[in-house]
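Novice: Here it is, the structure in full.
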Amino acid sequence: MQEDLVLARKEGRVGILQLNRPAQLNALNDALMDALGIALLAMEQDNDIGCIVLTGSAKAFAAGADIAAMQPMNYINVVRNNFIGRNWETILTLRKPVIAAVAGYALGGGCELAMMCDFIIAADNAKFGQPEIKIGVIPGAGGTQRLPRAISKSKAMDMVLTGRMMDAQEAERAGLVSRIVPADKLEQEAIEAATIIAAMSLPSVMAAKEAVNRAYESTLNEGVLFERRTFHALFGTLDQKEGMTAFLEKRKPDFKHE
Ligand code: CO8
């Protein structure tokens, strides 16, 4: 395993993971996805981390799954090896939030990986797309499912069937990204957003993430019930007392994440 395929560091309570195959525009191969999974799980276990930023290079968040690695594969290989399922979805198991900080290309599996994060902050040079149709396949890591939920069926069909790219402005208008920042400020802005989140009570943050994600998996009534029960449960935390007491005492809360 080449550990430097993903660079990991911390700033305060923020964990930062950088995809690191710049010469291949961070094309996502098996070794990189294994390394990413290991790094994500290490940050999930680290009690001093409250939020994670996942980023790439200035030119590419990730230009997709590694086409050179996929080109010789056949049906029986991909089924036997559980290609994609084996190591692509670790990120979805995290309870801490993950922010995708996207500069340059987020194509194919790169766009899908960004959409598996909790929200996307885009540099003004970001380009998103699902160009798999141009190489004789279709998205395979959730693109046909997450893109329509993020940007509507019509726009997702347009992207998936033509393989065209969408720039940062179009992605923001469509609701794929939460904000656009100047490319040279991307990392700083993403870390600032993550720092704000990491300063909140971690049990509340994890509960909020879980509740918002329920919106995609349940009926409205069931989702609201889940939210209500989770809201009630948070009255069992020390941080609920601290947060509300601090408000009444007109001071900043000092959350202990318990
Ligand atoms: N896979 C492998 N290598 C890549 C990839 C890729 N996806 N993207 C770029 N590279 C390599 C190039 O081959 C090139 O290598 P070399 O210098 O050795 O020739 C290097 O990165 C630089 O790329 P370019 O010279 O092409 O750079 P340009 O600036 O001219 O173009 C583009 C940039 C437009 C991003 C272009 O590289 C491109 O079109 N890349 C492919 C984009 C694509 O089709 N992505 C989808 C891949 S399929 C996919 O993601 C399926 C997902 C399924 C789920 C995941 C399962 C694992």
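Novice: I need the strands (runs of 3 or more DSSP E) fully contained in the range 96-155, keeping only those with at least 3 residues that are touching a strand residue (DSSP E or B) at 6+ places or on another chain (Cβ under 7 Å) and within 29 Å of residue 196 (Cβ to Cβ).
Specialist: Result: 98-102, 119-123.
Novice: OK, next. Please go through the range 162-184 and give me each residue that is in contact (Cβ under 8 Å) with a residue 40 or more places away in the chain and of a type in the set (D, E, K, R), ordered by number.
Specialist: Scanning the range 162-184 gives 167, 172, 179.
Per-residue answers, yes or no, for (1) exposed (fewer than 14 other Cβ atoms within 10 Å of the Cβ); (2) closer than 21 Å to residue 41 by Cα; (3) within 12 Å of the ligand (Cβ to nearest atom); (4) of a type in the set (Phe, Trp, Tyr):
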site	(1), (2), (3), (4)
84	no, yes, yes, no
87	no, yes, yes, no
130	no, no, yes, no
133	no, no, yes, no
141	no, yes, yes, no
152	yes, no, no, no
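Novice: Looking at (1) out of contact with any strand residue (DSSP E or B) (no Cβ under 8 Å at 6 or more places or on another chain); (2) without any contact (Cβ under 8 Å) to a residue 60 or more places away in the chain, which one does residue 46 not meet, given that it meets all the others?
Specialist: (1)
Novice: Take residue 185 and decide whether it is in a helix (DSSP H, G or I) and either small (Gly, Ala, Ser) or assigned by the TED database to the domain that holds residue 57 (or both).
Specialist: Working: in a helix (DSSP H, G or I): yes; either small (Gly, Ala, Ser) or assigned by the TED database to the domain that holds residue 57 (or both): yes.
So residue 185 passes the test.
Novice: Scan the range 39-73 for residues that are more than 11 Å from the ligand (Cβ to nearest atom), of a type in the set (A, V, I, L, M, F, W, C) and surrounded by fewer than 18 Cβ atoms within 10 Å (Cβ to Cβ) and jot them down.
Specialist: Scanning the range 39-73 gives 41, 42, 58.
Novice: Within the range 107-128, which residues are among the hydrophobic types (A, V, I, L, M, F, W, C) and within 9 Å of the ligand (Cβ to nearest atom)?
Specialist: 107, 111, 113 - these are the residues of the range 107-128 that are among the hydrophobic types (A, V, I, L, M, F, W, C) and within 9 Å of the ligand (Cβ to nearest atom).
Novice: Here are some conditions: (1) part of a loop (DSSP other than H, G, I, E, B); (2) of a type outside the set (A, V, I, L, M, F, W, C); (3) closer than 30 Å to residue 256 by Cβ. Residue 44 meets all but one. Which one does it not meet?
Specialist: All conditions are met except number (1).
Novice: Now for a different question. Any residue in the range 99-114 that is modelled with pLDDT of 95 or more and of a type outside the set (A, V, I, L, M, F, W, C) sitting within a Cβ distance under 8 Å of a residue that is within 10 Å of the ligand (Cβ to nearest atom) and in a helix (DSSP H, G or I)? List the pairs, counting only those 6 or more apart or interchain.
Specialist: Between residues of the range 99-114 that are modelled with pLDDT of 95 or more and of a type outside the set (A, V, I, L, M, F, W, C) and residues that are within 10 Å of the ligand (Cβ to nearest atom) and in a helix (DSSP H, G or I), the close pairs are 108/131; 108/132; 108/143; 112/143.
Novice: Yes or no: residue 192 out of contact with any His (no Cβ under 9 Å at 6 or more places or on another chain), in the same structural domain as residue 43 (by the TED database) and surrounded by 17 or more Cβ atoms within 10 Å (Cβ to Cβ)? Reasoning before the result, please.
Specialist: Numbers: out of contact with any His (no Cβ under 9 Å at 6 or more places or on another chain): yes; in the same structural domain as residue 43 (by the TED database): yes; surrounded by 17 or more Cβ atoms within 10 Å (Cβ to Cβ): no.
Here the answer is no, as residue 192 does not meet what is asked.
Novice: Now, a different point. Among the residues of the range 144-180, count how many are within 26 Å of residue 191 (Cα to Cα) and within 17 Å of the chain's Cα centre (by Cα).
Specialist: So the count comes out to 13.
Novice: If you take the residues of the range 89-106 that are within 15 Å of the ligand (Cβ to nearest atom) and of a type outside the set (Val, Ile, Thr), which of them is nearest to residue 208 (Cα to Cα)?
Specialist: Start the filter on the range 89-106 by keeping residues that are within 15 Å of the ligand (Cβ to nearest atom), which leaves 89-92, 102-106.
Next cut, of a type outside the set (Val, Ile, Thr) only: 89, 92, 103-106.
Values: 89: 20, 92: 15, 103: 27, 104: 30, 105: 29, 106: 26 Å.
In this case the residue turns out to be 92.
Novice: Still on this structure, I have one more. Pick from the range 115-125 the residues that are of a type outside the set (Val, Ile, Thr) and touching a residue at least 40 places away in the same chain (Cβ under 8 Å): which of them is surrounded by the most Cβ atoms within 10 Å (Cβ to Cβ)?
Specialist: If we take residues in the range 115-125 being of a type outside the set (Val, Ile, Thr) and touching a residue at least 40 places away in the same chain (Cβ under 8 Å), then 122 is surrounded by the most Cβ atoms within 10 Å (Cβ to Cβ).
The values are calculated or read from the model by the stated rules, or taken from the named source; none is laboratory data. Everything quoted here is computed from the prediction, not taken from an experiment. FYI the Cβ positions are ideal-geometry reconstructions off the backbone, even for glycines, and counts take in every protein chain you see.
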